[in-house]
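Derivation of every value follows stated rules applied to the coordinates shown; laboratory data play no part. The structure displayed is predicted, hence computed values, not measured ones. Here the Cβ is made from the backbone with ideal geometry for all residues, glycine too, and neighbour counts use every protein chain on show.
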Amino acid sequence: MTSTPANTGLKLQGVLFDMDGTLLDSEKLWDLALEDLATALGGDLSARARRRMVGSSLARSIAIMHDDLGIDADPESSGAYLTERAAELFRTSLVWKPGARELLHAVHAAGVPAALVTSTNRPLTEIALDTLGRELFVASVCGDEVVHPKPHPSPISPPRRWSAPTRSSASRSRIRHSVSLRQRQPDASCSRYPARSRSSRHPPVVCGIR
């Protein structure tokens, strides 16, 4: 792999990778967690609502679900359960999308900086980085660390001070930004929900920057 795109003479300065459905086949794990939550809330998530959630932040996904189910539930409790259930699945069932591991390692071997930009929150991203290899990224930005998550351009818009994802003594890193960060944590209310299963696929997208 070359860091200079063919026939352009321009040097590639970096690559931004999405995570869910791009590097990792994790959307099907989100399907499982979301359907578990919908069942616990007494309903069934529609396919239309699930499609609207792809790429959304946790808060947005919860709002879509509550609206789809026609319920007035506590978003904090729903979000806590979804985070805990997804974490269980991320720890045991994450797999790479075809060719994604090779692409990521090729970018790293070429000396091109790579950043992970995801709508997934920081705690879950930290679990995923154990599979991806945090040493392959110079930075990571998560959905709970920006005011406006994707598809808004703010997660990738300079000026922004990105730092490499590294383990802290609490086994969780934080990215230092020029904006205020807010991190949500799961709570004890998560344990009461049951589980179901489902799967889906979504096409990968890779964004190069120069």
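For the stretch 129-141, check the following and say yes or no: at least one residue is hydroxyl-bearing (Ser, Thr, Tyr), within 23 Å of residue 35 (Cβ to Cβ) and touching a residue at least 12 places away in the same chain (Cβ under 8 Å).
Yes, that holds for at least one residue.
Scan the stretch 83-113 residue by residue and report those that are in contact (Cβ under 8 Å) with a residue 60 or more places away in the chain and of a type in the set (A, V, I, L, M).
Listed by number, the residues that qualify are 87, 89, 94, 95, 100, 103, 104, 106, 107, 109, 110, 112.
Identify, from the list 80, 86, 106, the residue that is of a type in the set (Gly, Ala, Ser) and surrounded by fewer than 18 Cβ atoms within 10 Å (Cβ to Cβ). Explain how you work it out, then say what you get.
Working: 80 fails: surrounded by fewer than 18 Cβ atoms within 10 Å (Cβ to Cβ); 86 fails: surrounded by fewer than 18 Cβ atoms within 10 Å (Cβ to Cβ).
Among 80, 86, 106, only 106 is of a type in the set (Gly, Ala, Ser) and surrounded by fewer than 18 Cβ atoms within 10 Å (Cβ to Cβ).
Can you tell which of 53, 19 is of a type outside the set (D, E, K, R) and closer than 16 Å to residue 126 by Cα?
Details: 53 fails: closer than 16 Å to residue 126 by Cα.
Answer to the check: 19.
When only residues in the stretch 29-50 that are among the aliphatic types (A, V, I, L, M) and closer than 20 Å to residue 127 by Cβ count, which is surrounded by the fewest Cβ atoms within 10 Å (Cβ to Cβ)?
In the first step, residues of the stretch 29-50 are kept if they are among the aliphatic types (A, V, I, L, M); the result is 29, 32-34, 37-38, 40-41, 45, 47, 49.
Subset that is closer than 20 Å to residue 127 by Cβ: 29, 32-34, 37.
Details: 29: 22, 32: 19, 33: 24, 34: 23, 37: 28.
Within the stretch 29-50, the match that is surrounded by the fewest Cβ atoms within 10 Å (Cβ to Cβ) is 32.
So which residues in the stretch 66-116 are touching a His at 6+ places or on another chain (Cβ under 8 Å) and either over 24 Å from residue 18 (Cα atoms) or acidic (Asp, Glu) (or both), if there are any at all? Can you show your working first?
Initial filter on the stretch 66-116 (touching a His at 6+ places or on another chain (Cβ under 8 Å)): 72-73, 75, 78, 114.
Selection gives 72, 73, 75, 78.
Scan the stretch 121-139 and give yes if some residue there is surrounded by 18 or more Cβ atoms within 10 Å (Cβ to Cβ), of a type outside the set (A, V, I, L, M), in contact with a Cys (Cβ under 9 Å, 6 or more places away or on another chain) and part of a loop (DSSP other than H, G, I, E, B), otherwise no.
The answer is yes; a qualifying residue exists.
Anything in the stretch 33-60 that is farther than 18 Å from residue 75 by Cα and touching a helix residue (DSSP H, G or I) at 6+ places or on another chain (Cβ under 6 Å)? List them, or say none.
46
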